[in-house]
Each structure stands twice: as C-alpha cells, then as structure tokens.
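A short reminder: the numbers here are calculations on the coordinates, not readings from a lab. Bear in mind the structure is a predicted one, so any value in this text is a computation, not a measurement. Cβ atoms come from the backbone with ideal geometry, glycine included; neighbour counts cover every protein chain shown.
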Amino acid sequence: MLSGLIWDFDGTIVDTETPQYRAWSEIFAEYGDELTPADWGRIVGTWGDVDLIDILMARVPGVPRLETNRRAGALVTQYMLEAPLRDGVMALLEAAHHAHIPQAIASSSHRVWIQAFLQLHHLEAYFGALATADDVTMGKPDPAVYRVAVSRLAIEAARAVAIEDSPHGSTAALGAGLKCVVVPNPSTEALLFPDGVVRLPSLQGVTLEALAAL
C-alpha cells in the first residue's frame, strides 16, 4: 500500500507552465529575442537567483524590468485561466481520496498562487498538506520542500510516490527518498530527466496499484 501521494503543482496538476512559456516567448519576441528550451530548462520547476526577466535583460539592454514583468504577468494570468486539469489527474486524486491515501502538494510556487488555483478547480479537500516556497529557503532541485510535505503528512517517504513534470522537481523528489513518476507537459517534454524516474505520457488510466508497484 502507498503511504502517500505527493504532487507537484505547476505543470503537473494544471499545465500552468505552457501558458507561462507561451507568454514569455511573446515577450522575448517583442524585443527581437527568443526564449529557447535551454533558457526554460534553467528556471522551470524551481526558483532562485535567475529568472526569465534576468535572461532577457542580459541579452537586450534597456529592457524595463518592472513594466516587462507586469505585462508578462498579465499574459500569464490570461492564458492560465484557460488551462484545464491535466488528463488523468482528477481520477487519480479521487482514487487516492477514496482509498484514504494521504495526499500533499510540494511546490516551488508560493502558497497564495497554489491556493487560488485549488479553489478555482475545487481541489482543496483532496490535500492534507501544502509545502511551498514559503516553507523552505531552497527551491527544487533541493529536496527540502518534499521533506516538508512528507513530515506534514507523517508518512514514510520510501513508500510514497511523487508526481512531477520537470527535471528540477523529479531530482528533488528522488533526493527526499520518494519514488517519482514524471508526466512531462509540452514545455518540459524535451528536457533531460534524472535516472530513477518512471516517465509516463499521461496519468490517464494510471491506477494506485500501478503506483504501489514502484
């Protein structure tokens, strides 16, 4: 039996990363530059010293930081409100809930961001704990946020499964001692993932029994 499921949020439950990639690609193009997959791979699934505006400003002198971030944020919000839950997510959430398997979110995003989307999709009741950027000093690939989630659920990490979409996130999950299933989205599918993950094209049809077999 699984001790728990710990979900990444952005790009895993809701594909918020493709809207972000789309919005920032448009911003880069406005300045005559290109947001490449390599650029995206540096920041997706984590937070830290470099973000997309830093990358753009290093290439294009004179980019106004605050105004550009504001415009990008408005585009991201516009595109994200159109994003549905990813395939198979709701069925797996329901199955774990009915089987009384504890579930948590471990995310490099801030709590207020996650809570807004959980409320939008009526998902609050499925998660016994949230571990977010507000709870740790190091983002993924550091395993701290997964360790917080494991602690708050009071479960055994070695019998829990993390569900991720990014290399940074899957590295963090493995570092915390969890098994990890990776379901890439369109903006992460070309990235390189660490050894030891199970990569799936979708969560559609994935059962608790299959996850327990990991």
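Numerical summary
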read-out	value
Theoretical gain in end-to-end length, Gln115 to Glu34 [0.36 nm per residue, Cα-Cα removed]	26.0 nm
Chain lengthening between Arg65 and Glu26 when straightened (0.36 nm per residue, less Cα-Cα)	12.5 nm
Degrees separating the helix 89-98 axis from the principal Cα axis of the chain, which is the longest one	30 degrees
Antiparallel bridges, percent of DSSP beta bridges restricted to the chain (to nearest 5)	5 percent
Residues Lys179, Lys140 arranged by fewest to most Cβ contacts within 10 Å	Lys179, Lys140
Sparse-neighbourhood loop sites, GluC sites (Glu not before Pro) in region 126-214 - DSSP loop, at most 14 other Cβ within 10 angstrom	Glu156, Glu189
Student exercise, region 17-80 dipole from Lys, Arg, Asp, Glu Cβ charges, in Debye to nearest 20	120 debye
Rounded to the nearest 20 debye, dipole of region 9-162 from Cβ charges on Lys, Arg, Asp, Glu	320 debye
(i) 82, 28, 26; (ii) 56, 31, 30; (iii) 52, 40, 32, with the label sought being that of the calculated Cα extents along the principal axes in Å	(ii)
Additional length obtainable on full extension of the chain from His100 to Asp195, 0.36 nm per residue less Cα span	31.2 nm
Signed unit charges on C-beta, dipole axis of the chain, positive-most listed residue Ala162, Pro102, Gln119	Pro102
Loop-located GluC sites (Glu not before Pro) in region 1-88, at most 14 other Cβ atoms within 10 Å (DSSP)	Glu34, Glu82
